[in-house]
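The values are calculated or read from the model by the stated rules, or taken from the named source; none is laboratory data. From a predicted model like this one, the values you see are computed outputs, not experimental measurements. Counting neighbours? That spans all protein chains shown, and the Cβs are built from the backbone with ideal geometry, glycine included. The accessibility values were calculated without ligands, DNA or RNA, using every heavy atom of the protein model including side chains. Shrake-Rupley method; radii C 1.70, N 1.55, O 1.52, S 1.80 Å.
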Amino acid sequence: MGNPKGYMTIARKEAGYRPIHERIVDFSEVEQTLNLEDRKLQASRCMDCGVPFCHWACPLGNKNPEWQDLMYKGKWREAIAKLQQTSNFPEFTGRVCPALCEKSCVLAQTGEAVTCRENEAALIEYAFNQGMIVPCPPKTRTGKSVAVIGSGPSGLAAADMLNKMGHTVTVFEKDNAIGGLLRFGIPDFKLNKKVIERRLDVLKAEGITFVTSTCVGKDITTSELMSKFDAICLTMGSGEPRDLPIEGRDLKGVYFALQLLQQQNHVNAGEEVAAAERISAKGKKVLVIGGGDTGSDCVGTSNRQGATSVTQIEIMPKPPVGYNPATPWPNYPMVLKTSSSHEEGCDRFWNLASKKFIGKDGVLTGVEVAEVEWSKDAATGKMSMKETGKTYVIEADIVLLAMGFVHPVHTGLLDELKVQYDQRGNVAVDANQMSSVEKVFAAGDTASGASLVVRAIASGRKAAAGIDKYLSTK
């Protein structure tokens with residue numbers, strides 16, 4: 001602990017965002033950076049607690065006190081080496097992780113947690129800029145081959161670890177570029193896609209093979225896959241979106257959130273989209289249904305496209321501001337979150353249930369919503385909802401359904417493999433992430449349901465360990 005009084009003498013300092021009037025007209029990353037000296041001072045605020053709850057909260061088990069102390073002392077190479085012991089892609093989590101570690105930081109009890117996420121992002125960027133991140137291919141190969149289906153965070157993490165173990169890894173991606181939802185789900189203003197390309201250059205140089213525009217189960221048959229590879233890791237994500245099957249669902253103007261987000265990312269990449277298929281909020285009133293991060297991303301994207309107004313509604317009650325006694329430290333606090341996208345312009349409402357989509361001549365014009373109230377059963381703790389009787393119409397030209405995902409797509413590969421599903425429809429796995437089918441493993445959202453990037457990476461690492469254990473017995 002280089003500065004034992006850092007947390008007492010140095011206040012938390014965040015880099016903040018680019019000015020709204022500047023960032024709202026482009027898709028460049030909104031978050032700014034601190035200079036290295038400020039960042040080192042922020043790292044010095046870590047208390048090196050006797051019980052570091054940041055370890056406990058981080059799905060990857062990042063050793064925050066250790067690498068931040070090295071960072072403070074200017075030992076950048078040792079710091080990045082320590083961070084990479086547990087984290088494959090700090091450049092991703094340093095940008096899009098909700099920082100579970102910070103919420104469990106002891107200093108969070110005063111509202112001044114260590115800026116772990118920003119420090120992490122700064123560390124990996126410094127390491128890349130100084131040439132510290134170089135390809136390190138395995139010295140020997142095991143002769144075993146593994147197919148990873150899907151190139152999101154869990155797939156890339158599994159591929160990276162398996163390749164480091166000496167196995168020959170091929171990653172299959174149905175889209176035309178690698179990255180999964182990192183590339184086509186998360187907006188560029190949160191994660192610049194050059195960051196993905198930079199990491200892919202390293203992974204390719206280390207020996208991983210990437211195959212794009214290939215739908216496994218269609219372009220390559222399931223039987224061919226099973227016969228060609230010694231193990232298979234399913235990391236296709238949770239691709240079945242939660243729908244809202246109410247009256248008027250077929251009206252033109254109602255879309256799933258990812259339809260907007262994925263298309264915009266393709267456009268940002270320079271791809272052509274037919275005018276008839278283009279989803280644009282320019283000059284339109286947008287209603288986002290769903291209050292999570294995906295909904296927030298829709299808000300930011302709609303504003304950048306030139307929406308005249310953006311409204312976001314949520315069926316659940318409005319979370320408390322600042323502190324929630326129902327989720328005490330060191331648990332993740334369920335409190336009101338206002339993102340950079342919300343700050344750019346958005347009306348937000350809670351306790352609203354969507355009753356029906358309203359339209360004219362087959363085109364959406366609004367949504368009828370009903371106010372609801374929630375109550376908790378004292379005996380069971382179960383929450384129940386009932387309508388208050390008050391309804392009204394929210395005018396809208398576009399509705400974006402951002403209500404999450406239910407499970408991975410079953411039709412095609414998963415059903416052909418005959419894997420068993422759990423009660424929620426995800427691929428059921430054992431302690432080693434193996435499915436009910438011999439040599440077929442699953443990780444990330446495919447096995448857990450939709451979750452965080454950091455949890456997906458942790459799951460991919462765990463699956464890689466399970467696959468390595470399995471292959472060592474063959």
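Some values worked out for this structure:
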{"item": "Built amide H within the under 5 Å cut-off of Phe441, gap 5+", "result": "Ile232, Cys233, Leu234, Ser435"}
{"item": "Rounded to whole Hz, the Karplus (6.51, -1.76, 1.60) HN-Hα couplings of the range 104-115, x for glycine and proline", "result": "9, 4, 4, 5, 5, 5, 9, x, 10, 4, 5, 7"}
{"item": "Distance cut-off 16 Å, percentage of C-alpha pairs in the range 207-280 lying past it", "result": "69 percent"}
{"item": "Estimated 222 nm signal from helices in the chain, with DSSP H stretches of n ≥ 4 weighted -39500 (n - 2.57), rounded to 500", "result": "-9000 deg cm²/dmol"}
{"item": "Reciprocal of mean inverse Cα separation for the chain (Kirkwood radius, Å)", "result": "23.8 Å"}
{"item": "Pairs beyond 28 Å (Cα-Cα), from Lys337/Lys360; Lys190/Lys382; Lys174/Lys194; Lys193/Lys337; Lys284/Lys386", "result": "Lys337/Lys360; Lys190/Lys382; Lys284/Lys386"}
{"item": "Angstrom value of the Kirkwood radius, inverse mean 1/r, which spans all Cα pairs in the range 65-162", "result": "15.2 Å"}
{"item": "Two-decimal Rg to Rh for the range 111-211 - Kirkwood Rh, Cα set", "result": "1.02"}
{"item": "Gain upon complete extension [Lys360, Glu387; 0.36 nm per residue less C-alpha separation]", "result": "7.0 nm"}
{"item": "Dipole in debye (nearest 20) - the range 130-247, about Cα centre, beta carbon charges: Lys, Arg +1; Asp, Glu -1", "result": "520 debye"}
{"item": "Residues whose placed amide H lies under 5 Å from that of Ser151, excluding near-sequence neighbours", "result": "Gly179, Gly180"}
{"item": "By average C-beta atoms within 10 angstrom, highest first, the peptides 275-285, 336-346", "result": "336-346, 275-285"}
{"item": "Under the Debye formula (equal points on every Cα, no solvent term), log10 I(q)/I(0) of the range 1-54 at q = 0.29 Å⁻¹", "result": "-1.11"}
{"item": "Label-to-label distance, nm, for residues given as Asp415 and Val211 (7 Å Cα→Cβ offset)", "result": "2.3 nm"}
{"item": "Those aspartates and glutamates that a straight Cα-Cα span of less than 17 Å connects to Lys462, excepting residues fewer than 8 apart in one chain", "result": "Asp160, Asp430, Asp445"}
{"item": "Cα lying deepest toward the dipole's positive end in the chain, options Ser435, Pro135, Gly306, charges on Cβ", "result": "Pro135"}
{"item": "Options Ile315, Thr338, Thr388, ranked by Cα towards positive dipole end of the range 283-390, top entry (Cβ charges)", "result": "Thr388"}
{"item": "Equivalent ellipsoid semi-axes, the range 278-364, via Cα gyration tensor eigenvalues times 5, rooted, Å", "result": "28, 16, 9"}
{"item": "Lysine pairs within the range 1-97, Cα separation less than 12 Å, 8 or more sequence positions apart or different chains", "result": "4"}
{"item": "More than 24 angstrom apart: percent of Cα pairs within the range 17-113", "result": "27 percent"}
{"item": "Using θ = phi - 60° and Karplus 6.51 cos²θ - 1.76 cosθ + 1.60, couplings along the range 338-355 (whole Hz; Gly, Pro as x)", "result": "10, 8, 4, 5, 4, 5, 7, x, 5, 8, 10, 9, 10, 6, 10, 9, 7, 9"}
{"item": "³J(HN,Hα), Karplus 6.51/-1.76/1.60, whole Hz, each residue of the range 5-18, x for Gly, Pro", "result": "10, x, 6, 8, 10, 10, 7, 4, 9, 9, 6, x, 10, 4"}
{"item": "Probe 1.4 Å, all protein chains present, accessible-area order of His407, His21, His167, largest first", "result": "His21, His407, His167"}
{"item": "Square roots of 5 times each gyration tensor eigenvalue, C-alpha, the range 363-474, largest first, Å", "result": "40, 19, 13"}
